[in-house]
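Trainee: The structure that follows is given in the form of structure tokens.
The values are calculated or read from the model by the stated rules, or taken from the named source; none is laboratory data. Just so you know, these numbers come straight off a predicted model, no measurement behind them. No Cβ is skipped: glycine too gets one built from the backbone with ideal geometry, and neighbour counts run over all protein chains shown. Surface accessibility is based on the protein's heavy atoms, side chains included, excluding ligands, DNA and RNA. Shrake-Rupley method; radii C 1.70, N 1.55, O 1.52, S 1.80 Å.
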Amino acid sequence: MSTDRANGSLYTKIENQVATIEFGHPAGNSFVSELLQRLTDELHKLAKNEEVSLIVLKSEGDRAFCAGASFDELVAISNLEEGKAFFSGFANVINAMRSCGKIIFGRVQGKAVGGGVGLAAACDYVYATEAASVKLSEVSIGIAPLVIAPAVERKIGKDGLAELSLHPTEWKNAYWAKEKGLFSKVFDSIAEMDKELEFHVQKLASFNPEALSEMKRVLWEGTEHWGQLLLERAAASGNLALSPNTKQALEKFKK
């Protein structure tokens with residue numbers, strides 16, 4: 001089942017020290033600003049929950065994992081303040097994932113575009129299916145994946161980031177993503193993926209949570225400046241969104 005709510009849905013289930021966050025939106029599990037804020041708040045909340053050792057981030061349905069940020073909200077940006085606020089949504093989520101003391105597993109059952117790729121990159125370990133192709137399409141509509149770039153580069157390197165962002169109309173398949181380091185494991189089916197994911201997180205959650213927290217800290221060493229960096233990138237992205245070239249490109253996509 002997928003949600004039909006215009007502002008999307010977000011549910012969290014905690015069981016055996018594992019918190020599973022499931023988000024959804026009728027437009028390809030994309031994110032409106034309100035849903036991004038809810039996810040940010042939920043991550044901060046779970047970071048303080050001593051009954052949680054691990055987090056699994058997943059989306060609804062059996063098709064797209066995440067289509068990125070809301071296209072309708074992007075088109076509606078009319079000034080720099082609105083632009084910065086819009087792009088700060090994913091900046092805040094990535095920073096919440098980065099600073100959360102819990103290991104975060106990503107469950108990617110289908111295609112990921114733009115911010116969806118950023119979400120996967122900000123996870124510490126990612127399970128995916130063969131259907132989980134990825135694409136950074138931002139340049140094709142006049143903007144650039146500036147906010148998510150640090151998270152993506154951290155996983156697949158500068159060359160991988162260039163390959164994705166400078167070929168914005170091309171999908172890269174799940175095995176490409178695994179080879180580059182974005183995905184940890186790729187499975188033939190959702191059922192097979194879920195079976196292995198469940199076994200892995202339950203086993204890991206039985207170990208010392210302090211050790212997991214220390215490992216999380218080590219995995220993210222060198223990113224302490226992201227709190228400021230990603231917000232600066234959000235402002236730069238907001239400026240690009242106001243460009244006449246971008247507005248013209250967005251009009252073509254609307255049609």
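Trainee: Among the candidates C66, C100, single out the residue that is touching a residue at least 60 places away in the same chain (Cβ under 8 Å), of a type outside the set (D, E, K, R) and touching a helix residue (DSSP H, G or I) at 6+ places or on another chain (Cβ under 9 Å).
Mentor: Sole residue among the options that is touching a residue at least 60 places away in the same chain (Cβ under 8 Å), of a type outside the set (D, E, K, R) and touching a helix residue (DSSP H, G or I) at 6+ places or on another chain (Cβ under 9 Å): C100.
Trainee: Another question, if that's okay. Could you count how many residues in segment 55-88 are surrounded by fewer than 24 Cβ atoms within 10 Å (Cβ to Cβ) and not in a loop (DSSP other than H, G, I, E, B)?
Mentor: Residues meeting the conditions: 15.
Trainee: Contact list please: Cβ distance under 6 Å, first residue in segment 27-54 and closer than 23 Å to G83 by Cβ, second residue part of a helix (DSSP H, G or I) and open to solvent by less than 50 Å² (accessible area, probe 1.4 Å), pairs at least six apart or on different chains.
Mentor: Filtered contacts from segment 27-54: S33/G89; L36/G89; L36/V93; L39/V93; T40/V93; T40/A96.
Trainee: I've got another one for you. Checking the condition at pLDDT below 95, more than 19 Å from the chain's Cα centre (by Cα) and open to solvent by less than 80 Å² (accessible area, probe 1.4 Å), which residue from L212, L204, L250, L242 passes?
Mentor: So the residue among L212, L204, L250, L242 that is at pLDDT below 95, more than 19 Å from the chain's Cα centre (by Cα) and open to solvent by less than 80 Å² (accessible area, probe 1.4 Å) is L250.
Trainee: Then there's this: For segment 203-248, name all the residues that are among the aromatic types (F, W, Y) and assigned to a helix (DSSP H, G or I).
Mentor: Scanning segment 203-248 gives a single hit, W226.
Trainee: Same structure again: Can you tell me how many residues within segment 114-163 are open to solvent by less than 30 Å² (accessible area, probe 1.4 Å) and assigned to a strand (DSSP E or B)?
Mentor: 5
Trainee: Output the number of the condition that L43 fails; it satisfies all remaining conditions of (1) in contact with a strand residue (DSSP E or B) (Cβ under 6 Å, 6 or more places away or on another chain); (2) crowded, with 23+ Cβ neighbours inside 10 Å.
Mentor: Among (1) in contact with a strand residue (DSSP E or B) (Cβ under 6 Å, 6 or more places away or on another chain); (2) crowded, with 23+ Cβ neighbours inside 10 Å, the lone unmet condition for L43 is (1).
Trainee: Pairs under 6 Å by beta carbon, first residue farther than 28 Å from I77 by Cβ in segment 212-238, partner assigned to a helix (DSSP H, G or I) and modelled with pLDDT of 95 or more, six or more apart or different chains?
Mentor: The qualifying pairs are W220/R98.
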